[in-house]
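Have a look at the structure below before the remarks.
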Amino acid sequence: MPAATRAIRVPGSIPEIYSPIPYIIPSQIFAALLAEAKGIDPDRPRSLRIVTKTV
């Protein structure tokens, strides 16, 4: 298995206050690809239960 098949570049010279913003989307892409590689459906977490109560 190769070490990496994709690369995501993020800017390196931005003000510190804005530094989390360019990492959000690459992090979400990484999480989705990791879930896919593990065979996990990210849209159906195993520990999440939807509870609706009609009153």
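Checking the structure you have, find out if any residue of region 20-43 is free of Cβ contacts under 8 Å to residues at least 24 places away in the same chain, in contact with a helix residue (DSSP H, G or I) (Cβ under 7 Å, 6 or more places away or on another chain) and not basic (Lys, Arg).
The answer is yes, given that some residue of region 20-43 is free of Cβ contacts under 8 Å to residues at least 24 places away in the same chain, in contact with a helix residue (DSSP H, G or I) (Cβ under 7 Å, 6 or more places away or on another chain) and not basic (Lys, Arg).
Identify all residues within region 29-40 that are surrounded by 10 or more Cβ atoms within 10 Å (Cβ to Cβ) and either among the charged types (D, E, K, R) or in contact with a Leu (Cβ under 7 Å, 6 or more places away or on another chain) (or both); write none if there are none.
36
If I go through region 1-28 residue by residue, how many of them are closer than 23 Å to residue 41 by Cβ and either surrounded by 11 or more Cβ atoms within 10 Å (Cβ to Cβ) or of a type in the set (Asp, Glu) (or both)?
Qualifying residue count, region 1-28: 5.
We did not get these values from a lab; they are worked out from the coordinates using the rules stated. If you're wondering where the values come from, they're calculated on a predicted model, not measured in any experiment. Here Cβ is always computed from backbone atoms with ideal geometry, including for glycine, and neighbour counts include all displayed protein chains.
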